[in-house]
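Where a number appears in this text, it was derived from the coordinates with a stated rule and is not lab data. Source: prediction; values computed, not measured. Backbone-built Cβ (ideal geometry, glycine too); neighbour counts: all protein chains shown.
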Amino acid sequence: MCGIIGIASNKPVSINIINSLKKLEYRGYDSAGLATLTEGDINEKKCSGRVEELEKILFKTPSNGNIGIGHVRWATHGVPNIINAHPHSSEEVSVVHNGIVENSDEIKKDLESKGLKFKSQTDTEVITLLITEALKESEPLESVFKTLQKLKGSFALGIIFKNFSNIIIGARRGSPLAVGYAKKENYIGSDSYALKSMTNKISYLDDGELCVLTKDQVSFYDEKLKKINKKIHIMSENNSAIEKGEYKHFMLKEIYEQPETIKNCIGEYVDSLKKKINIINFPIEPNNINKIILIGCGTAYNSCLTAKYWFEELTTIDVEIDIASEFRYRNLKFNSKNLYIFVSQSGETADTAAALDICKKNNVKTCSIVNVIESTIARNSDWVLPIHAGTEIGVASTKAFLGQLTVLYILCLKLAIVRKDIDERTYEKNISSLKKLPEAIKESINTESNVQLMAKEFLKAKGSMFLGRGSSFPIALEGALKLKELSYLHAEGYPAGEMKHGPLALIEEGLPVIIIAPKDKYFEKTLSNMQEVMARGGKILFITDNYKELVNENIRFGLRVPRLDKLLSPILLTIPLQLLSYHVALLKNCDVDKPRNLAKSVTVE
Ligand code: AGP
């Protein structure tokens, strides 16, 4: 994963590098570093841990230099420590790298046999040494180009040179790289967000491309080193998502933003007067769609699973779902009448992007449901449905999950009506309920004070279990995923009916078991499963939208969310689970916005 930044300017760059690295921390935060060219030398500063630590180092010993590169790391090769932190420099060159060099062991052995010495355990250092060797006989651009020919894998690079002190070279293969332009200053960065406070003019490198930056100009080259031109995109100016405002954490802010983000999202797709969904330009005529395949990772996968229940309920389309890291290696039979839908908040997840590439190679139609519309996945798919959630900073996905669900639901309704799988009355009734969703989300957030009490039940727990049936099953998975990633407490998400086939053995006195039981066709069945857990000493925490029955005195804790329509209940039931993971993490003093070992955007395989 990792984030990279490079700035060529007519004034010192280290402060702006630090500011950009703070924005890139969502990509990795186990170590950080920068290198500037100061008085003809490469001046490197590194730390293990957060960018804050690097800032303290710079405060004590400032780095001058009008050209520099910076890096935040999410360790792949070698433990997170100062030695393995980027940049990796030789006397001649300094490199920051996002991604993986798959043949680094092979190259390392070869270079060692020639007497070269390595300082770190990273794969990146082979790039540094290869460029250093190439520089003995070539100019910088050609040296980088020759080096790239030897590397396998997927990566983005930023490179500065001791003896060519006015340039930064950027290169992209697989991992994203944006280029930004300002007056007497140009930039490279892992994403446009990192550059946003400095410029709104952005270009994106495509696979295999390189760029050479000076403070005055940027030149682009294709994979054969032929000079090319790139389009400049003007980004919107909205920066409010980047600040925490009155909230203690981005995650809490993002949970509270959901009524607004969902309202925006519905507003983008639903005509407010005519009660019609204005999705057009389907890549396959809806009546000719044979099957829909929904693909994603983590939370995005959970939204795919939820949508499968909706498609099955409302349409006659056959739906499959797949985890992107599995999809990309399976021996699949592609069909040009199938629509392949990729769900991703960031639009940069390596496995999802690779799965999309495979579909493209097999000439099938692709759609992406993304939050970041400038992302690789959005740019590479035939059809894009943005979720309009605004920048999501917290590593744990909240508002993006609800946005994904909302867009999937809207798409499902639209396909159902176009294919005449539902009648006009049902269509309009469902749209009316959808419009009430933002208000119902607000009410669901109002459960927070009760959720806070519920969170205390997890303090001494050794593990926990989340159970649901039907479309509450993916919500159980999502609740468990959120709790795991934020509070480091083991959590299993299970279909309630599957318990007796094994997991029931885990139930013991006092184990917190969250039962997600909206009033749907499964309600009674779920209650029976709850009884089985209760009989074995499980501590029941019950979440429902059933206003008549909040059943049993043996329930330790009960919570109600509003009820709109049974199809929308997964969205409303998610919110107390988001708040629960947040409050358990707070009670356990965990870093809510940056959980250990994780990163927001998973750009490595
Ligand atoms: C969610 O809380 C996770 N941090 C993670 O599962 C995430 O959803 C997954 O990595 C996919 O990311 P994407 O939506 O950006 O593709």
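Restricting the calculation to Cα atoms, the range 528-605 shows an Rg/Rh of 1.08 when the hydrodynamic-style radius is the Kirkwood one.
If you wrap the range 93-214 in the convex hull of its Cα atoms and look at it from every side, the mean projected area works out to 7.5 nm². Computed extension length for residue 587-residue 116: 164.5 nm, one decimal, from 0.36 nm per residue of separation with the Cα-Cα distance subtracted.
If you take the alpha carbon atoms of the range 233-312 and fit the smallest convex hull around them, that volume is 194 Å³ per residue.
Taking a ≥ b ≥ c as the square roots of the eigenvalues of the Cα gyration tensor of the range 76-165, is the shape rounded (a/c under 1.5), prolate (a/b larger than b/c) or oblate?
Here the range 76-165 falls in the rounded category.
Dipole magnitude for the chain: about 560 debye, using +1 per Lys or Arg Cβ and -1 per Asp or Glu Cβ, origin at the Cα centre.
Tell me the net charge near residue 433. Cut-off is 12 Å between Cβ atoms, residue 433 excluded, with +1 for each Lys or Arg and -1 for each Asp or Glu. Don't skip to the answer; put the middle values down first.
Numbers: positive: 275, 429, 435, 436, 563, 566; negative: 428, 439, 565.
Local charge sum for residue 433: +3.
Dividing the summed helix terms, -39500 (n - 2.57) for each DSSP H run of n ≥ 4, by the number of residues in the chain produces a 222 nm estimate of -10500 deg cm²/dmol to the nearest 500.
Are there GluC sites (Glu not before Pro) in the range 11-113 that DSSP puts in a loop and that have at most 16 other Cβ atoms within 10 Å, and which ones?
Within the range 11-113, the qualifying GluC sites (Glu not before Pro) (loop, at most 16 other Cβ atoms within 10 Å) are 39, 91, 102.
Annotation for the range 529-580: GluC sites (Glu not before Pro) lying in DSSP loop with at most 16 further Cβ atoms inside 10 Å of their Cβ are 549, 553. Between residue 136 and residue 436, the modelled labels are 7.6 nm apart [label points 7 Å from Cα along Cα→Cβ]. Label-to-label distance, residue 452 versus residue 272, with points set 7 angstrom from Cα along the beta-carbon direction: 3.4 nm.
For the chain, DSSP calls about 60 percent of its internal beta bridges antiparallel. Based on the convex hull around the alpha carbon atoms, the range 470-528 presents an average projected area of 4.3 nm². Which part of the range 481-504 falls in the paramagnetic zone of residue 555, meaning amide N under 17 Å from the point 7 Å along Cα-to-beta-carbon? The answer is 496. The overall shape of the range 10-52, judged from the alpha-carbon gyration tensor, is oblate: a/c is not under 1.5, and a/b is no greater than b/c. Spin-label model, residue 56 to residue 227: label points 7 Å out along the Cα-to-beta-carbon direction sit 4.8 nm apart.
Could you pull out the trypsin sites (Lys or Arg not before Pro) across the range 321-352 that fall in loop regions by DSSP (anything but H, G, I, E, B) with no more than 15 other Cβ atoms inside 10 Å? Passing sites in the range 321-352 are 330, 333, 337.
Grab the beta carbon distance between residue 330 and residue 150, set R0 = 35 Å, and tell me the FRET efficiency rounded to 0.05.
Here the calculated transfer efficiency is 0.70.
Please report, to two decimal places, log10 I(q)/I(0) for the chain at q = 0.12 Å⁻¹ as given by the Debye formula with identical point scatterers on the Cα atoms and no solvent. Debye output, listed in q order: -1.18. Its alpha carbons considered, the range 467-605 gives a radius of gyration followed by a Dmax of 15.2, 49 Å.
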